[in-house]
Amino acid sequence: MYEDPIALEVFRNALVGVAEDMGEVMRRAALSPMIKERNDRSCAVFSPDVELVGQAEHLPIHLALLVSIVPAALQALDGDLEPGDVCLHNDPYVGGSHLPDLTAISPVYEGDELLGYVAVIAHHGDVGGITPGGVGGITRDILEEGVIIPPLKLCRKGVLADDVMRILKANVRLPREFEGDLLAQIAALQAGVNGIRELANKVGQGRFRQYSKDLLTYSEQRTRKAIADLPSGVAEFTDYVDDDGMGSGPLQIKLRLTISDHSIEADFTGSHPQLPAPVNASLAVTRSAVFFALRCLIDQTIPTTSGCFRLVNVVAPAETIVNAQPPVPVAGGSLETAQRIVDVLFGALAQLVPDRIPAAGMGSHNTIAIGGYDRSTGERFVVCENLSGGGGARRHLDGVSVRRVNLMNTPNNPVEVLERDHPLLVRRVELREDSGGSGRRRGGLGLRKEYEFLSESSVAILSDRKLHRPWGLDGGSAGAGSSHTLIRADGDVVALPSKVQLNVQPGDRLLAETAGGGGYGDPIERSSDALENDHIDGYSGRPDDEV
Amino acid sequence: MKSYVGVDVGGTFTDVFFLAADGSDLVGAKSPTTRPDPTTGIIRALRRLSEAAELDLFKIGEITVGSTLALNAVLESRGAKTALVTTRGFRDVIEIGRESRADLYDLQQESPRPLIPRRLRFEVDERISAQGEVIRPLRVNDEAEQLLEAFDATETEAVAICLINSYVASDHEVALRDAILDRRPKLFVCASVDVMPQYREYERSLVTCINAYVGPTMEDYLRRLEEALSGVVPNAVVRITDSLGGALNIRAAGNRPVLTMMSGPASGVSGATSVSLRSEHPIAQSAVVAMDMGGTSCDVTVVQSGRPDITSQALVGQHRFSLQTIDVHSIGAGGGTVAWVDDGGLLRVGPRSTGSRPGPACYGHGGSEAAITDAHLVLRHLDTEHRLGGEIQLDMEAAVRAIKEHVAGPLGLSVEQAASGMLRVADASMQRAIESITVRRGLDPRSFGLVAFGGAAPLHAASIARNMQIGVVVVPRFAGMLSAVGAVWAPEQYKAARTCLQPTFELQRDELVAWVDELEAAARDLAGDAANGPLEREVTFDMRFRGQTFTLAVPVADPTDSGVPQQVHDAFVAKYGEVFGYVLPGADTEVEIVRLSLVLADRGLSVEPVGAGEVSADPSPWRAAFEGHELVDCDLWHLGRDVAPPDRIVGPAVVVGEGSTALVHPGQVGTVSGLGDLTIVDLSSADG
């Protein structure tokens, strides 16, 4: 089938190796916790025809992002990238996701020959806008979300454009971190350029091109086979984002999923129109969500290339919350809406491949962005927390407690790091007892985390699954909904909505409780051993009707 | 004059290695590992050694034992019934972990089971701030009394204490530990500040829990080991290998069993380091990649100037925790690693392995899949007359059958072509592993040598070296038992560390001196009076640019010097530039951790060239495949204790040594040093 299947496998390893090396360079050199602690960055290699041939993604949300962003950015620049140039870009409406995700792209040349492109996407700690961290704010227009960078040249022939860097730094809250991370992205690109050139020299340019093409064919064929192995059929499912933070809701996401012999179509016609609120997903994000759901069902060793995407058709009408158009904000779209898109996909898939799909997980990034001036140092601070909740129960397994679900997988901020770096005191981090949906298999438990603020701060919460709780399957119950409570220093207790922006004073406390996962199967069938262990360990114990 | 013995307890065999006091004799022996108590196997192996080499075991002055007991206790969930004591509000930290899932796309992944179940995690009312101030005081006696009731009710055997922010101020932890020990002196109790006083509560808690979890088992084992050894080698000091390629006295190993956790691979690297240092080749002397390939995995480590790379993270089963250990990068490529053709028509190798049972098809233990060892056999890299490890008779027909069915048939290739392809893909994945520990860190693999050990690495080293333009390969004489060799060379070392987290230029000399004294006292306490000689002090800082996470270790020549901040800042910036190729302009640096080691490095070990054996080595004619799949004429050499090594082994050649088989490719030439190590270089460089 291929000229040399052994050489192609060796090449495939080497190509993904280059992408992984880029990611490692980036992680080691980065300054912000988003990248250094949380791995929120991914790297990829593209062919001269701008087809994705190798990718090392560290977060599922990045699966189909670079494959959208890079061609769009190059088109915007009319393909004008010379050796040593770096294109920088974060515009969600030019193939992107949301503003904190900055993509950097470099061409790889050997002499006059274009070998391809390398790209790295990284989530930056702050990109300006009305709320710290660029997510979590109640915004009406994308201009409020931060600085928009249309595809432009950050470096020309290896020389950094100082004026571009200066204007960007002037518009973000933590310019030092921002610059450090951007330089780390450039270092990663440099590692990628060197790696690809070495590889091309080793195998020869002609073979390099041929192997790249072969890889696209290879992954397309394997994806085709994997899809053919799934049962064909049509399923429909609807789930909801609770609200938009400004009184509109619920916001439906409607899906008609068709699996045929060799392709998959995800049709989101009928989903809620876009809103002047931070709940709109760009098309690239919706595509990532679809591809993630598919990826969970097919052999993981199929390399992610453009070849895989050819078989997946996403129908998402423009100006809906699954395909936003200017000028609505998008920050929450790649978080809350993206989570729900995956839930909807799983809801439909559960009808077609019932044994392999879990009940709904906590379904939210549960972002809490805190910022202000530290009164002990006088310095500005920004911290972005994402809280996990329960995973959905599986046919044979309980759901996992307090674990990242769906498109997200960043590690948390350790309490001792949070407290050392920011004016916060964390009062508790514990499992939220009785929050897992009951069933033959219990849903995972949510998290209870309580913060005390030591300086005057602004807090933005972007969460969901308060009203539309994570559903169970096959007779299992829904998990507990999320809840956020403000306890003022004077003792006043305020129940907060799931999306809110507020100011807090020293001594105020925020109690965050995340959703539990849905249960699986009839609760009556839960074994007495499992019930007893739940009781002894305090995971659950109260009768179901009290939960 | 005392002689030395190193012991490595492996999954299948217990290896022992003997070094005579004057360095004139080196001997290895093996005996099957016994379970659950490895002591019996160790004693048997010692007896076998004494018979094989006519040794008087009474003359052994030092014995260093590698132990996988702590590791296995965690892997097999066979530790003590352990309780965790923590700050109110934080008992679920070790269950929650860092919240991320192990696999991005597997919807059916098992819930990780916490090392200590929730019912055995207890909270005390206290709180210390990140600045070390007491926010809520600890009522130590009340809390201790309540805890003891709970321990008694649950029949707790070991206790880990980890309080939030104890890395800044340890008073509460220490008071609680002492209060519990006062009341129950026989309970195994450890506080996180004793085990690893570094920030990040999850990682610190987990390492403390692991230490407690394996503590009672390890204490018990060490007691039995010491007793058994005193009967057989009564004049020997007993040492236990640690995760840094060093060794501890038996008391320290009992107090900090977690330090021994990764000692198996670490000892092998320590052995490779000793091989590197005594090499006659200048490159192999200065920098090598240690490559250990056994049945299931290939482990690679960078060693520069006799110092292996160190990392601060260990992964055991599903538990990832903080531990200073030799930085071993492991991939699924070993002799038992399986090859197949995927549904897209590509040849894939690994990471799955058939292990040692059933093992490769050619072992004849019922394995039918095509493994790497099968490919070597088909290409005649192994001598079928020679039993593998002295035990296994290789079955050529089974190997051919397996490769034909799983690889050659589906790809439409000959069996030899398929076997050669399997080795090419396996080599490529090992090359990737070597690249990722060198290139990624700013190191050029072409300026390194390759030390190949373990059963399978010497079969791959010469081709990998050629592909990567690595100029020299060293196959140690005892390549099949290098962990036992490494145990003998392991420097005795005792360490202590503390979190500093201060900007470099804000370090106060007096404070630093006080810390170093404190750390030295802690390390001396760990060493006890059982340290086997005078100890040298080494201080290092883990430094980084302010705001970064990744640190580099910077040695501090004299901590009392007032110029320390400038010196370490400059040294860090220079090292950073080497590793990353650029430096953040004008960025501040900070010291995350201050580390101190007390090392008994120079124990007067020496090795003398082996005297020429009685029998002169002569090659037999042989046919094997080297660069492609076609068999070519070559030499087959057998080296051993009684054989005088040849001057030159010109490739192509198959060299059967005492514990492994090595390949010398066409255009390469091997020489055997006076110590019995085989050094392989390109013929052109040897003649030039």
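The values are calculated or read from the model by the stated rules, or taken from the named source; none is laboratory data. Not measured: the values here are computed from a predicted model. Here the Cβ positions follow ideal geometry from the backbone for every residue, glycine too, while neighbour counts run over all protein chains shown. Only protein heavy atoms, including side chains, enter the accessible area calculation; ligands, DNA and RNA are left aside. Shrake-Rupley method; radii C 1.70, N 1.55, O 1.52, S 1.80 Å.
Take the conditions (1) touching a Leu at 6+ places or on another chain (Cβ under 7 Å); (2) closer than 29 Å to B:Ser274 by Cα; (3) open to solvent by 10 Å² or more (accessible area, probe 1.4 Å); B:Ser230 misses just one of them, which is (1).
Within region B:92-121, the set of residues being open to solvent by 40 Å² or more (accessible area, probe 1.4 Å) and either more than 7 Å from chain A (Cβ to nearest Cβ) or not in a loop (DSSP other than H, G, I, E, B) (or both) comprises B:Ala102, B:Asp103, B:Asp106, B:Pro112, B:Arg113, B:Arg119. Applying the criterion of being part of a loop (DSSP other than H, G, I, E, B) and without any contact (Cβ under 8 Å) to a residue 24 or more places away in the chain to the residues of region B:548-560, the residue that is nearest to the chain's Cα centre (by Cα) is B:Phe550.
Residue count for region A:211-236 satisfying the condition of being assigned to a helix (DSSP H, G or I), in contact (Cβ under 8 Å) with a residue 40 or more places away in the chain and of a type in the set (A, V, I, L, M): 4.
Looking only at region B:320-359, residues that are free of Cβ contacts under 8 Å to residues at least 40 places away in the same chain, of a type outside the set (Ser, Thr, Tyr) and more than 14 Å from chain A (Cβ to nearest Cβ) come to 2 in all.
Being within 14 Å of chain A (Cβ to nearest Cβ), farther than 30 Å from A:Arg28 by Cα and at pLDDT below 95 is a property that B:Gly628 has.
Does A:Asp91 fit the bill of being away from chain B (no Cβ under 14 Å), open to solvent by 10 Å² or more (accessible area, probe 1.4 Å), part of a loop (DSSP other than H, G, I, E, B) and on the phi > 0 side of the Ramachandran plot? Against the criterion (away from chain B (no Cβ under 14 Å), open to solvent by 10 Å² or more (accessible area, probe 1.4 Å), part of a loop (DSSP other than H, G, I, E, B) and on the phi > 0 side of the Ramachandran plot), A:Asp91 does not qualify. Working only within region B:331-349, note down all residues that are farther than 16 Å from B:Gly455 by Cβ and open to solvent by less than 30 Å² (accessible area, probe 1.4 Å). B:Val338, B:Ala339, B:Asp342, B:Gly344, B:Gly345, B:Leu346, B:Leu347, B:Arg348, B:Val349 - these are the residues of region B:331-349 that are farther than 16 Å from B:Gly455 by Cβ and open to solvent by less than 30 Å² (accessible area, probe 1.4 Å). Considering (1) under 17 Å from A:Arg432 (Cα atoms); (2) open to solvent by 10 Å² or more (accessible area, probe 1.4 Å), the lone condition that A:Ile487 does not fulfil carries the number (1).
So which residues in region B:168-200 are within 32 Å of the chain's Cα centre (by Cα), within 14 Å of chain A (Cβ to nearest Cβ) and at pLDDT below 95? Within region B:168-200, B:Val168, B:Ser170, B:Val193, B:Met196, B:Pro197, B:Gln198, B:Tyr199, B:Arg200 qualify. Please verify whether region A:30-49 includes one or more residues that are at positive phi and within 14 Å of another protein chain (Cβ to nearest Cβ). Yes: region A:30-49 contains one or more residues that are at positive phi and within 14 Å of another protein chain (Cβ to nearest Cβ). Residues in region A:128-153 that are in contact with an Asp or Glu (Cβ under 7 Å, 6 or more places away or on another chain), β-branched (Val, Ile, Thr) and either under 21 Å from A:Pro276 (Cβ atoms) or surrounded by fewer than 20 Cβ atoms within 10 Å (Cβ to Cβ) (or both): 3 in all.
Checked against the criterion of being open to solvent by less than 20 Å² (accessible area, probe 1.4 Å), part of a loop (DSSP other than H, G, I, E, B) and at pLDDT 90 or above, the candidates A:Gly125, A:Gly96 yield just one match: A:Gly96. Kindly evaluate A:Lys449 against the criterion of being at pLDDT 95 or above, open to solvent by 40 Å² or more (accessible area, probe 1.4 Å) and within 25 Å of the chain's Cα centre (by Cα). So A:Lys449 fails the test.
For region A:454-477, a residue qualifies if it is in a strand (DSSP E or B) and within 14 Å of chain B (Cβ to nearest Cβ), and exactly one does: A:Leu473. When each of A:Ser401, A:Ser438 is tested for being among the small types (Gly, Ala, Ser), more than 24 Å from the chain's Cα centre (by Cα), open to solvent by 10 Å² or more (accessible area, probe 1.4 Å) and at negative phi, the lone residue that passes is A:Ser438.
The residue that is surrounded by the most Cβ atoms within 10 Å (Cβ to Cβ), counting only those in region B:435-447 that are within 21 Å of B:Leu459 (Cα to Cα) and more than 11 Å from chain A (Cβ to nearest Cβ), is B:Pro445. In the condition set (1) crowded, with 17+ Cβ neighbours inside 10 Å; (2) at pLDDT below 95, A:Val193 is compliant with all but (2).
Restricting region B:408-432 to residues that are more than 9 Å from chain A (Cβ to nearest Cβ) and surrounded by fewer than 21 Cβ atoms within 10 Å (Cβ to Cβ), the residue that is farthest from the chain's Cα centre (by Cα) is B:Gly412.
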